[in-house]
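Okay, structure first, notes after.
The values are calculated or read from the model by the stated rules, or taken from the named source; none is laboratory data. Computed from a predicted model, the values in this text were never measured in an experiment. Heads up, the Cβs are rebuilt from the backbone with ideal geometry, glycines too, and the neighbour counts pull from every protein chain shown. Please note that ligands, DNA and RNA were not included when accessible areas were found on the heavy atoms of the full protein model with its side chains. Shrake-Rupley method; radii C 1.70, N 1.55, O 1.52, S 1.80 Å.
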Amino acid sequence: MIFCALLAGCDKNPTVIDDSPSAPAPVATAPLPEMLSGYHFQSADTQALQDDQFANPGMLWVDRGEELWTTAPQTGKPACAGCHNDAATDMAGVAAHFPKYNKSLDTVVNLEGQINHCRVEHQQSSPLVYESDDLLALSAYVGYQSNGLPIEVAIDGPAAPAFAAGQAYFYTRRGQLNLACNHCHEDNVGRMLRGDKLSQGQAGGYPAYRLEWQSIGSLHRRLRFCNVGVRAEPFAFGATQYIELELYLKWRAQGLPVETPAVRR
Amino acid sequence: MLKARISVPARARQGEIMAVKTLISHPMETGFRRNSLGQAIPRDILTRFECRYNEKPVFTATLHPAVAANPFIAFHVRAQDSGKLEFIWTDQDDQVTRVTRELTVDPAA
(Lines give C-alpha, C1' and ligand atoms only; values in the text may rest on other atoms or scores of the structure.)
Protein backbone atom coordinates (compact mmCIF):
# COMPACT_ATOMS: atom_id res chain seq x y z
CA MET A 1 0.00 0.00 0.00
CA ILE A 2 2.75 2.37 0.90
CA PHE A 3 4.50 1.50 -2.33
CA CYS A 4 1.33 2.24 -4.33
CA ALA A 5 0.87 5.53 -2.56
CA LEU A 6 4.42 6.50 -3.31
CA LEU A 7 3.98 5.68 -6.99
CA ALA A 8 0.67 7.47 -7.24
CA GLY A 9 2.24 10.56 -5.72
CA CYS A 10 5.11 10.56 -8.16
CA ASP A 11 3.94 12.71 -11.07
CA LYS A 12 7.32 12.83 -12.74
CA ASN A 13 7.20 9.18 -13.72
CA PRO A 14 3.56 8.24 -14.31
CA THR A 15 4.36 5.37 -16.69
CA VAL A 16 5.46 3.23 -13.74
CA ILE A 17 1.87 2.96 -12.54
CA ASP A 18 0.40 -0.35 -13.57
CA ASP A 19 -3.26 -0.81 -12.74
CA SER A 20 -3.39 -4.41 -13.92
CA PRO A 21 -1.99 -6.34 -10.96
CA SER A 22 -3.01 -9.68 -12.48
CA ALA A 23 -0.53 -9.38 -15.38
CA PRO A 24 2.51 -11.49 -14.51
CA ALA A 25 6.02 -10.26 -14.99
CA PRO A 26 7.56 -11.44 -18.27
CA VAL A 27 9.48 -14.65 -17.83
CA ALA A 28 12.68 -15.44 -19.62
CA THR A 29 12.75 -19.22 -19.39
CA ALA A 30 10.29 -21.94 -20.24
CA PRO A 31 8.08 -23.05 -17.33
CA LEU A 32 8.77 -26.76 -17.72
CA PRO A 33 12.12 -28.48 -17.13
CA GLU A 34 11.69 -30.86 -20.07
CA MET A 35 9.70 -30.04 -23.19
CA LEU A 36 7.59 -32.91 -24.45
CA SER A 37 5.40 -32.74 -27.51
CA GLY A 38 1.86 -34.09 -27.33
CA TYR A 39 3.19 -36.96 -29.46
CA HIS A 40 4.95 -38.28 -26.36
CA PHE A 41 1.61 -38.80 -24.59
CA GLN A 42 -0.10 -40.77 -27.38
CA SER A 43 -0.44 -44.54 -27.65
CA ALA A 44 1.99 -46.44 -29.87
CA ASP A 45 -0.76 -46.92 -32.48
CA THR A 46 -1.52 -43.22 -32.67
CA GLN A 47 2.18 -42.38 -32.90
CA ALA A 48 2.57 -44.90 -35.73
CA LEU A 49 -0.33 -43.31 -37.59
CA GLN A 50 1.30 -39.88 -37.36
CA ASP A 51 4.70 -41.22 -38.43
CA ASP A 52 3.36 -42.96 -41.53
CA GLN A 53 3.37 -40.14 -44.07
CA PHE A 54 0.95 -42.11 -46.18
CA ALA A 55 -1.55 -43.39 -43.63
CA ASN A 56 -1.70 -40.14 -41.63
CA PRO A 57 -5.28 -39.02 -42.38
CA GLY A 58 -4.27 -35.37 -41.91
CA MET A 59 -2.45 -35.69 -45.24
CA LEU A 60 -5.85 -35.70 -46.98
CA TRP A 61 -6.13 -32.02 -46.00
CA VAL A 62 -2.51 -31.34 -46.96
CA ASP A 63 -3.25 -32.74 -50.44
CA ARG A 64 -6.35 -30.58 -50.69
CA GLY A 65 -4.32 -27.57 -49.52
CA GLU A 66 -1.82 -28.14 -52.30
CA GLU A 67 -4.63 -27.96 -54.85
CA LEU A 68 -5.93 -24.74 -53.33
CA TRP A 69 -2.41 -23.30 -53.22
CA THR A 70 -2.07 -23.53 -56.99
CA THR A 71 -5.67 -22.64 -57.90
CA ALA A 72 -6.19 -18.99 -58.88
CA PRO A 73 -9.29 -17.31 -57.40
CA GLN A 74 -12.06 -16.23 -59.75
CA THR A 75 -11.22 -12.57 -59.16
CA GLY A 76 -8.42 -12.80 -61.70
CA LYS A 77 -5.81 -12.34 -59.01
CA PRO A 78 -2.92 -14.78 -58.69
CA ALA A 79 -3.10 -18.05 -56.76
CA CYS A 80 -1.07 -18.40 -53.56
CA ALA A 81 1.62 -19.99 -55.71
CA GLY A 82 1.62 -16.90 -57.94
CA CYS A 83 3.36 -14.83 -55.24
CA HIS A 84 4.90 -17.44 -52.96
CA ASN A 85 6.09 -19.77 -55.73
CA ASP A 86 6.91 -23.30 -54.66
CA ALA A 87 5.59 -23.87 -51.16
CA ALA A 88 8.10 -26.65 -50.47
CA THR A 89 10.97 -24.16 -50.59
CA ASP A 90 9.40 -20.74 -50.07
CA MET A 91 7.08 -21.66 -47.19
CA ALA A 92 9.47 -23.89 -45.26
CA GLY A 93 9.70 -22.61 -41.69
CA VAL A 94 7.02 -19.95 -42.17
CA ALA A 95 4.40 -21.58 -39.96
CA ALA A 96 6.98 -22.06 -37.19
CA HIS A 97 7.00 -18.28 -36.61
CA PHE A 98 3.25 -17.75 -36.23
CA PRO A 99 1.42 -16.09 -34.52
CA LYS A 100 3.29 -12.91 -35.28
CA TYR A 101 2.74 -9.17 -35.49
CA ASN A 102 1.27 -7.99 -38.79
CA LYS A 103 2.14 -4.38 -39.51
CA SER A 104 -0.70 -3.59 -41.91
CA LEU A 105 -3.32 -5.04 -39.55
CA ASP A 106 -1.49 -3.63 -36.50
CA THR A 107 -2.22 -6.75 -34.52
CA VAL A 108 -0.86 -10.22 -33.87
CA VAL A 109 -2.29 -12.76 -36.31
CA ASN A 110 -2.02 -16.52 -36.47
CA LEU A 111 -1.47 -18.54 -39.63
CA GLU A 112 -5.19 -18.79 -40.35
CA GLY A 113 -5.51 -15.01 -39.98
CA GLN A 114 -2.55 -14.43 -42.27
CA ILE A 115 -4.04 -16.71 -44.94
CA ASN A 116 -7.32 -14.81 -44.80
CA HIS A 117 -5.47 -11.47 -44.83
CA CYS A 118 -3.72 -12.58 -48.03
CA ARG A 119 -7.04 -13.63 -49.54
CA VAL A 120 -8.68 -10.30 -48.85
CA GLU A 121 -5.69 -8.07 -49.58
CA HIS A 122 -4.00 -9.78 -52.51
CA GLN A 123 -6.66 -12.04 -53.99
CA GLN A 124 -9.67 -9.77 -53.41
CA SER A 125 -11.58 -12.79 -52.25
CA SER A 126 -13.76 -13.25 -49.21
CA PRO A 127 -12.02 -14.61 -46.12
CA LEU A 128 -12.44 -18.33 -45.57
CA VAL A 129 -14.68 -19.31 -42.69
CA TYR A 130 -12.66 -20.39 -39.67
CA GLU A 131 -12.65 -24.19 -39.33
CA SER A 132 -13.93 -24.65 -42.89
CA ASP A 133 -12.31 -27.50 -44.77
CA ASP A 134 -10.61 -25.06 -47.15
CA LEU A 135 -8.99 -22.99 -44.41
CA LEU A 136 -7.96 -26.14 -42.55
CA ALA A 137 -6.52 -27.53 -45.79
CA LEU A 138 -4.49 -24.38 -46.54
CA SER A 139 -3.19 -23.99 -43.00
CA ALA A 140 -2.36 -27.71 -42.84
CA TYR A 141 -0.53 -27.45 -46.17
CA VAL A 142 1.48 -24.39 -45.15
CA GLY A 143 2.09 -25.90 -41.71
CA TYR A 144 3.29 -29.13 -43.29
CA GLN A 145 6.07 -27.24 -45.09
CA SER A 146 7.56 -26.53 -41.64
CA ASN A 147 7.18 -30.12 -40.43
CA GLY A 148 10.22 -30.98 -38.31
CA LEU A 149 11.49 -27.39 -38.02
CA PRO A 150 11.72 -25.80 -34.57
CA ILE A 151 9.01 -23.43 -33.35
CA GLU A 152 10.28 -19.91 -32.78
CA VAL A 153 8.01 -16.91 -32.23
CA ALA A 154 8.83 -13.27 -31.49
CA ILE A 155 7.36 -11.99 -28.23
CA ASP A 156 9.12 -8.65 -28.06
CA GLY A 157 8.20 -5.25 -29.51
CA PRO A 158 4.64 -4.96 -30.78
CA ALA A 159 3.89 -8.60 -29.88
CA ALA A 160 4.70 -8.09 -26.18
CA PRO A 161 1.21 -7.03 -25.01
CA ALA A 162 -0.40 -10.02 -26.75
CA PHE A 163 2.17 -12.32 -25.19
CA ALA A 164 1.50 -10.94 -21.72
CA ALA A 165 -2.25 -11.32 -22.22
CA GLY A 166 -1.80 -14.90 -23.43
CA GLN A 167 0.35 -15.76 -20.46
CA ALA A 168 -2.21 -14.23 -18.10
CA TYR A 169 -4.93 -16.29 -19.79
CA PHE A 170 -2.93 -19.47 -19.27
CA TYR A 171 -2.67 -18.90 -15.52
CA THR A 172 -6.22 -17.62 -14.98
CA ARG A 173 -8.79 -19.93 -13.42
CA ARG A 174 -12.03 -20.20 -15.38
CA GLY A 175 -15.22 -22.20 -15.71
CA GLN A 176 -17.39 -23.97 -13.16
CA LEU A 177 -14.48 -26.28 -12.37
CA ASN A 178 -12.37 -23.19 -11.67
CA LEU A 179 -9.23 -24.51 -13.34
CA ALA A 180 -6.46 -22.71 -15.18
CA CYS A 181 -4.47 -24.29 -18.03
CA ASN A 182 -1.47 -24.89 -15.76
CA HIS A 183 -3.44 -27.03 -13.31
CA CYS A 184 -3.61 -29.80 -15.91
CA HIS A 185 -0.76 -29.00 -18.29
CA GLU A 186 1.98 -28.18 -15.79
CA ASP A 187 1.03 -29.49 -12.36
CA ASN A 188 -0.38 -32.85 -13.45
CA VAL A 189 1.45 -33.72 -16.66
CA GLY A 190 1.58 -37.44 -17.37
CA ARG A 191 -1.20 -38.31 -14.93
CA MET A 192 -4.52 -39.69 -16.08
CA LEU A 193 -7.61 -37.52 -16.42
CA ARG A 194 -10.19 -40.28 -16.69
CA GLY A 195 -9.22 -42.06 -19.94
CA ASP A 196 -6.79 -39.43 -21.16
CA LYS A 197 -3.16 -38.85 -20.29
CA LEU A 198 -2.51 -35.19 -19.56
CA SER A 199 0.00 -33.63 -21.92
CA GLN A 200 2.02 -30.47 -21.48
CA GLY A 201 -0.41 -28.66 -23.78
CA GLN A 202 2.21 -28.04 -26.46
CA ALA A 203 0.67 -26.64 -29.62
CA GLY A 204 3.14 -27.62 -32.35
CA GLY A 205 1.01 -30.28 -34.03
CA TYR A 206 -1.94 -28.16 -35.12
CA PRO A 207 -3.87 -28.27 -37.36
CA ALA A 208 -3.97 -31.85 -36.12
CA TYR A 209 -6.11 -34.87 -36.90
CA ARG A 210 -7.92 -35.93 -33.76
CA LEU A 211 -9.33 -39.44 -33.83
CA GLU A 212 -12.14 -38.28 -31.57
CA TRP A 213 -13.17 -35.64 -34.13
CA GLN A 214 -12.54 -37.98 -37.09
CA SER A 215 -11.27 -34.85 -38.77
CA ILE A 216 -8.46 -32.37 -38.78
CA GLY A 217 -9.05 -29.36 -36.53
CA SER A 218 -7.40 -26.07 -35.67
CA LEU A 219 -5.74 -25.20 -32.38
CA HIS A 220 -8.72 -22.98 -31.60
CA ARG A 221 -11.04 -25.94 -31.87
CA ARG A 222 -8.83 -27.70 -29.31
CA LEU A 223 -8.84 -24.64 -27.04
CA ARG A 224 -12.64 -24.44 -27.21
CA PHE A 225 -12.70 -28.13 -26.29
CA CYS A 226 -10.51 -27.36 -23.23
CA ASN A 227 -12.79 -24.47 -22.24
CA VAL A 228 -15.87 -26.68 -22.45
CA GLY A 229 -13.99 -29.32 -20.44
CA VAL A 230 -13.69 -26.97 -17.47
CA ARG A 231 -17.26 -25.79 -18.12
CA ALA A 232 -16.26 -22.33 -19.24
CA GLU A 233 -17.94 -20.46 -22.08
CA PRO A 234 -15.66 -20.95 -25.11
CA PHE A 235 -14.61 -17.98 -27.24
CA ALA A 236 -15.33 -17.79 -30.96
CA PHE A 237 -12.91 -19.28 -33.48
CA GLY A 238 -10.19 -16.75 -34.18
CA ALA A 239 -10.98 -14.71 -31.06
CA THR A 240 -8.30 -12.30 -29.86
CA GLN A 241 -8.04 -14.19 -26.57
CA TYR A 242 -7.21 -17.42 -28.40
CA ILE A 243 -4.65 -15.74 -30.65
CA GLU A 244 -2.93 -14.27 -27.59
CA LEU A 245 -3.00 -17.67 -25.91
CA GLU A 246 -1.72 -19.27 -29.12
CA LEU A 247 1.25 -16.88 -29.07
CA TYR A 248 2.00 -17.80 -25.47
CA LEU A 249 1.65 -21.52 -26.20
CA LYS A 250 3.95 -21.31 -29.22
CA TRP A 251 6.54 -19.44 -27.19
CA ARG A 252 6.17 -22.07 -24.50
CA ALA A 253 6.79 -24.76 -27.14
CA GLN A 254 9.77 -23.03 -28.71
CA GLY A 255 12.39 -25.45 -29.93
CA LEU A 256 9.92 -28.31 -30.29
CA PRO A 257 9.37 -29.31 -33.92
CA VAL A 258 6.30 -28.40 -35.92
CA GLU A 259 4.39 -31.67 -36.38
CA THR A 260 1.57 -30.54 -38.65
CA PRO A 261 -0.44 -32.62 -39.39
CA ALA A 262 -0.09 -34.40 -36.06
CA VAL A 263 -2.41 -37.24 -35.03
CA ARG A 264 -3.91 -37.04 -31.57
CA ARG A 265 -6.26 -39.24 -29.60
CA MET B 1 -15.50 -34.95 -54.82
CA LEU B 2 -13.77 -37.52 -52.67
CA LYS B 3 -10.03 -37.36 -52.30
CA ALA B 4 -8.10 -40.62 -52.41
CA ARG B 5 -4.50 -41.43 -51.57
CA ILE B 6 -2.98 -44.58 -53.01
CA SER B 7 0.40 -46.10 -52.20
CA VAL B 8 1.45 -48.77 -54.67
CA PRO B 9 4.84 -49.34 -56.33
CA ALA B 10 5.12 -48.28 -59.98
CA ARG B 11 7.49 -51.19 -60.77
CA ALA B 12 7.66 -54.69 -59.39
CA ARG B 13 9.20 -58.06 -60.23
CA GLN B 14 6.95 -60.86 -61.38
CA GLY B 15 5.73 -62.86 -58.40
CA GLU B 16 6.63 -60.10 -55.95
CA ILE B 17 4.11 -59.44 -53.20
CA MET B 18 3.34 -55.73 -53.11
CA ALA B 19 1.92 -53.83 -50.15
CA VAL B 20 -0.95 -51.61 -51.27
CA LYS B 21 -2.35 -48.86 -49.04
CA THR B 22 -5.42 -46.72 -49.71
CA LEU B 23 -6.94 -43.80 -47.86
CA ILE B 24 -10.03 -41.86 -48.90
CA SER B 25 -11.71 -38.78 -47.47
CA HIS B 26 -15.25 -39.63 -46.45
CA PRO B 27 -17.34 -38.69 -43.40
CA MET B 28 -18.78 -42.23 -42.93
CA GLU B 29 -21.77 -40.71 -41.16
CA THR B 30 -23.51 -43.53 -39.31
CA GLY B 31 -27.08 -42.23 -39.43
CA PHE B 32 -27.38 -42.76 -35.69
CA ARG B 33 -26.17 -39.32 -34.62
CA ARG B 34 -28.19 -36.17 -34.05
CA ASN B 35 -27.16 -32.57 -34.58
CA SER B 36 -27.35 -29.77 -32.03
CA LEU B 37 -31.04 -29.24 -32.90
CA GLY B 38 -31.87 -32.86 -32.20
CA GLN B 39 -32.45 -33.74 -35.85
CA ALA B 40 -31.10 -37.04 -37.14
CA ILE B 41 -28.04 -36.68 -39.38
CA PRO B 42 -28.73 -38.82 -42.45
CA ARG B 43 -26.56 -41.84 -43.04
CA ASP B 44 -23.80 -41.28 -45.58
CA ILE B 45 -21.34 -44.14 -45.96
CA LEU B 46 -19.21 -45.94 -48.49
CA THR B 47 -20.54 -49.46 -48.89
CA ARG B 48 -17.99 -51.14 -51.08
CA PHE B 49 -14.32 -51.03 -52.00
CA GLU B 50 -12.80 -53.00 -54.81
CA CYS B 51 -9.32 -53.29 -56.28
CA ARG B 52 -9.06 -54.66 -59.84
CA TYR B 53 -5.81 -55.80 -61.43
CA ASN B 54 -6.16 -55.81 -65.20
CA GLU B 55 -9.96 -55.92 -64.86
CA LYS B 56 -9.81 -58.88 -62.45
CA PRO B 57 -10.95 -58.23 -58.85
CA VAL B 58 -8.10 -58.99 -56.45
CA PHE B 59 -9.49 -57.43 -53.27
CA THR B 60 -12.98 -56.39 -52.22
CA ALA B 61 -14.41 -55.13 -48.96
CA THR B 62 -17.91 -54.34 -47.75
CA LEU B 63 -18.06 -51.30 -45.49
CA HIS B 64 -20.58 -50.69 -42.73
CA PRO B 65 -21.60 -47.72 -40.54
CA ALA B 66 -19.14 -48.72 -37.79
CA VAL B 67 -16.16 -47.96 -40.03
CA ALA B 68 -14.46 -44.71 -38.96
CA ALA B 69 -14.32 -41.61 -41.16
CA ASN B 70 -11.65 -41.53 -43.89
CA PRO B 71 -11.35 -45.32 -44.31
CA PHE B 72 -7.81 -46.67 -44.55
CA ILE B 73 -7.55 -50.05 -46.28
CA ALA B 74 -4.26 -51.90 -46.75
CA PHE B 75 -3.72 -55.26 -48.42
CA HIS B 76 -1.24 -57.21 -50.56
CA VAL B 77 -1.27 -58.03 -54.26
CA ARG B 78 1.04 -60.40 -56.13
CA ALA B 79 2.56 -58.77 -59.22
CA GLN B 80 1.95 -60.80 -62.38
CA ASP B 81 1.67 -58.77 -65.58
CA SER B 82 2.17 -55.13 -66.47
CA GLY B 83 -1.05 -53.24 -66.61
CA LYS B 84 -3.33 -51.20 -64.47
CA LEU B 85 -4.59 -51.34 -60.93
CA GLU B 86 -8.02 -49.82 -60.42
CA PHE B 87 -9.33 -48.70 -57.06
CA ILE B 88 -13.09 -48.28 -56.85
CA TRP B 89 -15.10 -46.97 -53.92
CA THR B 90 -18.91 -47.08 -54.13
CA ASP B 91 -21.16 -45.19 -51.73
CA GLN B 92 -24.68 -46.02 -50.58
CA ASP B 93 -26.15 -44.07 -53.54
CA ASP B 94 -23.95 -45.91 -56.06
CA GLN B 95 -21.71 -42.89 -56.57
CA VAL B 96 -18.35 -44.21 -57.70
CA THR B 97 -14.87 -42.84 -57.04
CA ARG B 98 -12.27 -44.45 -59.25
CA VAL B 99 -8.48 -44.11 -59.26
CA THR B 100 -6.16 -45.93 -61.66
CA ARG B 101 -2.44 -46.64 -61.31
CA GLU B 102 -0.11 -48.08 -63.94
CA LEU B 103 2.13 -50.95 -62.92
CA THR B 104 5.19 -52.19 -64.80
CA VAL B 105 6.17 -55.78 -64.03
CA ASP B 106 9.73 -56.92 -64.80
CA PRO B 107 10.41 -60.62 -65.43
CA ALA B 108 11.49 -62.55 -62.36
CA ALA B 109 15.26 -62.62 -61.92
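Some values worked out for this structure:
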read-out: Within the protein assembly as shown: Cβ-based charge dipole about Cα centre, in debye rounded to nearest 20 (Lys, Arg +1; Asp, Glu -1); value: 740 debye
read-out: Candidate lysines for bridging to A:LYS197, where Cα separation is under 24 Å - those fewer than 8 sequence places away on the same chain excluded; value: A:LYS250
read-out: Calculated on alpha-carbon atoms, Rg and Dmax of chain B in Å; value: 16.6, 64
read-out: Euclidean distance between Cα centres, region B:25-45 to region B:56-102, Å; value: 24 Å
read-out: Å² per residue, accessible surface of chain A at 1.4 Å; value: 51 Å²
read-out: Overall Cα dimensions of chain A, principal axis frame, Å, largest first; value: 64, 47, 31
read-out: All lysines inside 16 Å of B:LYS84 as judged from Cα atoms, apart from same-chain residues fewer than 8 positions distant; value: B:LYS21, B:LYS56
read-out: Two-site FRET efficiency, B:SER82 against A:GLN214, from Cβ-Cβ distance with R₀ of 56 Å, rounded to 0.05; value: 0.90
read-out: In region B:16-109, the trypsin sites (Lys or Arg not before Pro) that fall in loop regions by DSSP, at most 15 other Cβ within 10 Å; value: B:ARG33, B:ARG43
read-out: Helix-only mean residue ellipticity at 222 nm for chain A, each DSSP H run of n ≥ 4 adding -39500 (n - 2.57), per residue, nearest 500; value: -10500 deg cm²/dmol
read-out: Semi-axis lengths (Å, descending) of the ellipsoid that matches the C-alpha gyration tensor of region A:140-232; value: 23, 20, 13
read-out: Potential extension, A:ALA48-A:LEU105 segment - 0.36 nm per residue separation minus Cα distance; value: 16.5 nm
